[in-house]
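Just so you know, all these numbers are worked out from the coordinates, no wet-lab data involved. Just so you know, these numbers come straight off a predicted model, no measurement behind them. Please note: Cβ atoms are built from the backbone with ideal geometry, for glycine as well, and neighbour counts cover all protein chains shown.
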Amino acid sequence: MNPKLTAIDTTKMEWETRYNETLGKTLYRKNLIIDPDTGMEVRLVKYPAGVTNKLHTHPCSHGMYVLEGTLVTHDGQYGPGSFVWFPEGQVMEHGATADTDVVVLFITNKPFEIHYK
């Protein structure tokens with residue numbers, strides 16, 4: 001038996017609001033895929049202008065492909081078309097510039113958790 005193809009029209013999905021108590025800010029996401037075997041996740045994430053996820057680590061690697069705006073990280077800024085890979089356990093921060101939202105395709109290699117410093 002062949003696995004079924006998954007196709008999602010993200011333009012018809014509403015942004016899910018996710019209030020982050022540590023930041024005191026709301027982030028937005030559209031969950032696309034979670035692999036039940038590996039925990040790998042793919043989602044769209046939107047950081048509103050001026051919101052940066054402060055220093056933290058993850059017990060997973062993850063990548064962000066910038067679709068709109070500029071992704072600000074602890075190691076530079078990246079515009080549309082950039083792909084940024086964050087290694088597991090790296091201390092990092094990322095978010096939007098002060099004046100523009102950033103939208104990224106967010107991909108993890110296993111279950112996602114966040115640990116603030």
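Details
- Nonlocal amide H pairs with F86, under 5 Å, H built at 1.01 Å: H62, G63, M64
- Among the chymotrypsin sites (Phe, Trp or Tyr not before Pro) within the stretch 1-103, those in coil by DSSP and having at most 16 neighbouring Cβ atoms inside 10 Å are W15.
- Globularity ratio of the chain, using Cα Rg and 2.2 N^0.38 Å: 1.06
- Near H74, the amide H atoms lying under 5 Å from its own belong to E93; only residues 5 or more places off or on other chains count, and H is placed 1.01 Å from N.
- Label-to-label distance, nm, for residues given as T26 and A7 (7 Å Cα→Cβ offset): 3.3 nm
- The mean sequence distance of close C-alpha pairs (under 8 Å, at least 6 residues apart), as a share of the length of the stretch 26-111, puts its relative contact order at 40 percent.
- Furthest towards positive pole of dipole, P59, L5, F106, structure part the chain, Cβ charges: L5
- For the stretch 19-26, Karplus couplings with θ = phi - 60° (6.51, -1.76, 1.60), whole Hz, Gly/Pro x: 6, 9, 5, 5, 8, x, 9, 9
- The H on the amide N of K25, modeled in the peptide plane, is under 5 Å from the matching H of N20, each at least 5 residues off or on a different chain.
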